[in-house]
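See below for the structure under consideration.
The values are calculated or read from the model by the stated rules, or taken from the named source; none is laboratory data. This structure is a prediction, so every number in the text was calculated from the model and none was measured. Note that each Cβ is placed from the backbone with ideal geometry, even for glycine, and that neighbours are counted across all protein chains shown.
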């Protein structure tokens, strides 16, 4: 019985193999395979043109790169020349030593100032904490002349033997409250022409006895405003001028 079943199985297998390869397999050749590959793998005509253009552009880029490399090699072989520093334009010249970049005059903590009247140089302390300038004066007397207010006083020059008597128009009076006293001092205000360095302008001064002070003149913010800055580390930056 087993031998009979094995015989039947072998017959079935042999009958199945008798059908391979079929006609469609027996007709496959190398030429047919190549034809099939060309049919399915060939690029469309427009893709071929795009590929050709890309190859041409890459060739042009390669030529440009070679040209640039050649120019760079030539430049590297040239000797390095010393380039002179640029000449500043007239408007960019360095500011003088007594001026800042914004053209403001630099003044020290103390300076010589020329006052007219009396037409003399006096030493002055620069005080940005004071609004109005002041000058040392004694024997102050107010009076009228031709219907106008005047004031006479002895101008303290720092040397009692050289005090100068002056009579000038009275501009106005100001009330000054002393820091250490409760009383109010009524002081006259006069105008002097002041020259300090390149600055020359009329300036108001209050008259007060400054004989106990080291300097007969005090310059306040009204004279310095918008035109000068103070460098407290320096003194007498601007010397007396021979020509006034």
Completion exercise
For the stretch 198-244, the count of residues that are under 24 Å from residue 187 (Cβ atoms) and out of contact with any strand residue (DSSP E or B) (no Cβ under 8 Å at 6 or more places or on another chain) equals 3
Practice task
Could you pull out the residue among 175, 199 that is more than 17 Å from residue 157 (Cβ to Cβ), under 34 Å from the mean Cα position of the chain (by Cα) and modelled with pLDDT under 90?
Solution key: 199
Completion exercise
Restricting attention to the stretch 94-144, the residues that are out of contact with any strand residue (DSSP E or B) (no Cβ under 9 Å at 6 or more places or on another chain), modelled with pLDDT under 90 and under 25 Å from residue 214 (Cα atoms) number exactly 2
Handout entry: Candidates 180, 222, 211 - the one that is in contact with a helix residue (DSSP H, G or I) (Cβ under 9 Å, 6 or more places away or on another chain), at pLDDT below 90 and not in a strand (DSSP E or B)
Key = 211
Handout entry: Scope the stretch 133-160; condition surrounded by fewer than 16 Cβ atoms within 10 Å (Cβ to Cβ) and part of a loop (DSSP other than H, G, I, E, B); matching residues
Key = 146, 147, 159
